[in-house]
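The values are calculated or read from the model by the stated rules, or taken from the named source; none is laboratory data. These numbers come from a predicted model, not from an experiment. So basically every Cβ, Gly included, is an ideal-geometry build from the backbone, and we count neighbours across all protein chains shown. Only protein heavy atoms, including side chains, enter the accessible area calculation; ligands, DNA and RNA are left aside. Shrake-Rupley method; radii C 1.70, N 1.55, O 1.52, S 1.80 Å.
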Amino acid sequence: MHALVTGGAGFIGSHLCDALASAGHTVTVLDDLSTGHLENLASCPHRFIRGDVSQFDDVLEAVRGVDCVFHLAAIASVPKTVADPRRSQAVNLGGTFNVLEACRAHGVKRVVLASSAAVYGMGTGKPEFESDLPAPASPYALEKLSSEYYLQIYASLYGLETVALRFFNVFGPRQDPSSPYSGVISLFCKHLSQKMPVTIYGDGEQSRDFVSVFDVVRALILASQLSDPKGTVCNVARGESVTINTLYRELAALYHCDLKPQYAPAREGDPRLSVASVEKAERVLGFKAALSLKEGLLRLVQG
Ligand code: NAD
Ligand code: UD1
């Protein structure tokens, strides 16, 4: 298969590229390097196009000769999209639309989208099912949900094979901690390794369903192989959640650090409780997360 990975120089995308290349697939990457890094692709033989998914011509060039697009390029931070909704609309929704149109123009068969648990909104503490009514609470969440709907419309109108995977909170090596908007585990690890206090937004009792990037890559590849997907939407998670306070305690113990966290006001649009139903992923995708949070954190900390 010839796969295009948009956002392939990023955290999740680069692990996907490695897995695709080692399974013998041809990989093209389209990335503007806004948060991704070329070094992430050092072990993946690939064709790299530096381009912007919000620019149709860049996407059109990238999809030529491709069988499947893994569309991961996005502004992945909820607070960044709250701060600049115009740009996030252009990238997160406009980018998806450009991918779909380019696929239609070049007869690409399949698109797998990196969607998000954020579409469920603030959460109730009960497992989120794909059939639940979405309740997006940020530009990011709305753009992911609208992207899913666009995929379904292109599946039914134009026969494109599409799968949207709602990743919950992904963690693992290469998650870049360089911005305050980075993923919480990467930031906590960076601060704890330097014996610096972390910041917890809100009371720290918000929860997340963390899943290892290695499991997420398996789910992406299963989605590219799913027979007759017809616009499928599926959670990708472990089905267990942890509060940010507990996460901090577990990581602090691994770093043998007894620094107290600093608390700051909760972020706007920040979901409160997040835990997935993993029933559909198991039934439809044949996916079950293999790594527990404890094992994943231990591997991450031990390098
Ligand atoms: P990341 O920031 O490491 O990766 C995103 C990549 O997209 C980067 O390489 C970046 O340079 C690139 N990119 C951004 N804007 C672009 C543009 N306009 N044109 C081309 N490339 C562009 O983030 P990630 O955590 O690897 O996220 C990958 C995808 O998974 C995103 O779509 C994100 O929304 C989604 N997702 C991530 C998580 C998570 O917990 N990390 C959870 C749910 C969904
Ligand atoms: C993350 C992803 C998003 C994805 C969503 C799915 C990133 C940057 N964001 O969003 O792409 O769609 O999961 O659920 O990967 N926090 C702190 N201190 C910090 C950083 C964060 O307390 O220093 C808190 C946040 O307020 C939040 C939680 O930790 O409550 C998780 O934050 P974050 O890692 O940024 O992820 P999400 O916003 O959940």
TODO: Quick one: which residue in Val82, Val78, Val119, Val69 is more than 30 Å from Glu205 (Cα to Cα) and either of a type in the set (A, V, I, L, M, F, W, C) or free of Cβ contacts under 8 Å to residues at least 12 places away in the same chain (or both)?
DONE: Val69
Task: Index of the failed condition, Leu157 passing every other in (1) open to solvent by 20 Å² or more (accessible area, probe 1.4 Å); (2) closer than 21 Å to Val170 by Cα; (3) among the hydrophobic types (A, V, I, L, M, F, W, C); (4) at pLDDT 95 or above - done: (2)
Task: Odd one out for Tyr248, checked against (1) within 16 Å of ligand 1 (Cβ to nearest atom); (2) outside any loop (DSSP other than H, G, I, E, B); (3) open to solvent by less than 20 Å² (accessible area, probe 1.4 Å); (4) not small (Gly, Ala, Ser) - done: (1)
Open item on the list: Can you tell me which residue is farthest from ligand 1 (Cβ to nearest atom) among those in segment 251-263 that are open to solvent by less than 30 Å² (accessible area, probe 1.4 Å) and outside any loop (DSSP other than H, G, I, E, B)?
Closed with: Ala252
Open item on the list: Any residue at all in segment 97-110 that's modelled with pLDDT of 95 or more, out of contact with any Leu (no Cβ under 7 Å at 6 or more places or on another chain) and within 15 Å of ligand 2 (Cβ to nearest atom)?
Closed with: no
- [ ] Search segment 130-146 for residues being closer than 14 Å to Cys234 by Cα, under 18 Å from the mean Cα position of the chain (by Cα) and not basic (Lys, Arg), and hand back the single one that is surrounded by the most Cβ atoms within 10 Å (Cβ to Cβ).
- [x] Leu145
Open item on the list: Name the residue that is least open to solvent (accessible area, probe 1.4 Å), counting only residues in segment 42-78 that are within 16 Å of ligand 2 (Cβ to nearest atom) and among the β-branched types (Val, Ile, Thr).
Closed with: Val53
- [ ] Starting from residues that are near ligand 1 (Cβ under 9 Å from one of its atoms) and in a strand (DSSP E or B), keep the ones in segment 162-179 and report whichever is farthest from Lys280 (Cα to Cα).
- [x] Phe171
Open item on the list: For segment 104-122, check the following and say yes or no: at least one residue is in contact with a Phe, Trp or Tyr (Cβ under 7 Å, 6 or more places away or on another chain), open to solvent by 30 Å² or more (accessible area, probe 1.4 Å), more than 16 Å from ligand 1 (Cβ to nearest atom) and in a helix (DSSP H, G or I).
Closed with: yes
Task: Lone qualifier among Lys280, Lys230, Lys294 - being part of a loop (DSSP other than H, G, I, E, B) and away from ligand 2 (no atom under 14 Å from the Cβ) - done: Lys230
- [ ] Working carefully through the options Lys190, Lys288, Lys294, find the one that is over 20 Å from Pro173 (Cβ atoms) and either open to solvent by 10 Å² or more (accessible area, probe 1.4 Å) or outside the structural domain of Gly125 (by TED's automatic domain parsing) (or both).
- [x] Lys288
Open item on the list: Can you go through Gly286, Gly303, Gly269, Gly296 and tell me which one is closer than 18 Å to Thr199 by Cβ and among the small types (Gly, Ala, Ser)?
Closed with: Gly269
TODO: Enumerate the pairs (first residue in segment 202-224 and at positive phi; second residue anywhere and of a type outside the set (S, T, N, Q) and modelled with pLDDT of 95 or more) with beta-carbon separation below 6 Å, excluding pairs fewer than 6 apart on the same chain, so at least 6 apart or on different chains.
DONE: Gly202/Ala266; Gly204/Ile244
TODO: Only residues that are open to solvent by 10 Å² or more (accessible area, probe 1.4 Å) and either in contact with a helix residue (DSSP H, G or I) (Cβ under 7 Å, 6 or more places away or on another chain) or not in a helix (DSSP H, G or I) (or both): list them for segment 81-91, please.
DONE: Val82, Asp84, Pro85, Gln89
TODO: From (1) near ligand 1 (Cβ under 9 Å from one of its atoms); (2) within 16 Å of Asn235 (Cα to Cα), pick out the condition that doesn't hold for Tyr149.
DONE: (1)
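For the structure I just gave you, tell me whether Asp52 is near ligand 1 (Cβ under 10 Å from one of its atoms) and touching a Gly at 6+ places or on another chain (Cβ under 7 Å).
No, not satisfied.
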